[in-house]
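Beneath this line is the structure, given in structure tokens, with notes to follow.
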Amino acid sequence: MTVLAEQSTMTLPSFMKHLAVLERGGLIRTAKTGRVRRCELNRERLDLLDDWLAEQRRTWEQRTDRLDAFVTTQPGITQKETS
């Protein structure tokens, strides 16, 4: 984990806390062998997260598209005012 933390601007204790959150969420697994602790991505959980994020992205794109359509069809509002 130290190798991962070295690539971050966070302190090692802060980095370890972030990894603990990811592990509790099932996004990573850690295993300790002697003094070395290794991390492994849980690809199945990450795929689930990716699917959920894609769904959220579609939902918000649809909502913002509807809002844009509503705003741009209102009388008295010019394109310059909405940009």
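Taken together, the values in this text are just the output of simple stated rules run on the coordinates, not laboratory data. Given the structure is predicted, the values throughout are model-derived calculations rather than measurements. Ideal geometry is used to build each Cβ from the backbone, glycine not excepted, and the neighbour counts take in all protein chains shown.
When averaged across all projection directions, what area in nm² does the alpha-carbon convex hull of the chain cover?
Details: hull surface 34.7 nm².
Averaged projected area of the chain's Cα convex hull equals 8.7 nm².
Give me the Kirkwood hydrodynamic radius of region 2-41 in Å, from all C-alpha pairs, to one decimal place? Before the final figure, lay out each step's value.
Working: mean 1/r = 0.0948 Å⁻¹.
Across region 2-41, the inverse of the average 1/r is 10.6 Å.
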Between V21 and A54, what's the calculated FRET efficiency when r is the beta-carbon distance and R0 is 25 Å? Round to 0.05. 0.65
Below 8 Å, C-alpha to C-alpha, sequence gap of six or more: please give me the relative contact order for the chain in percent. 16
Cβ-based net charge around R43, under 11 Å, with every Lys or Arg adding one and every Asp or Glu removing one: -2
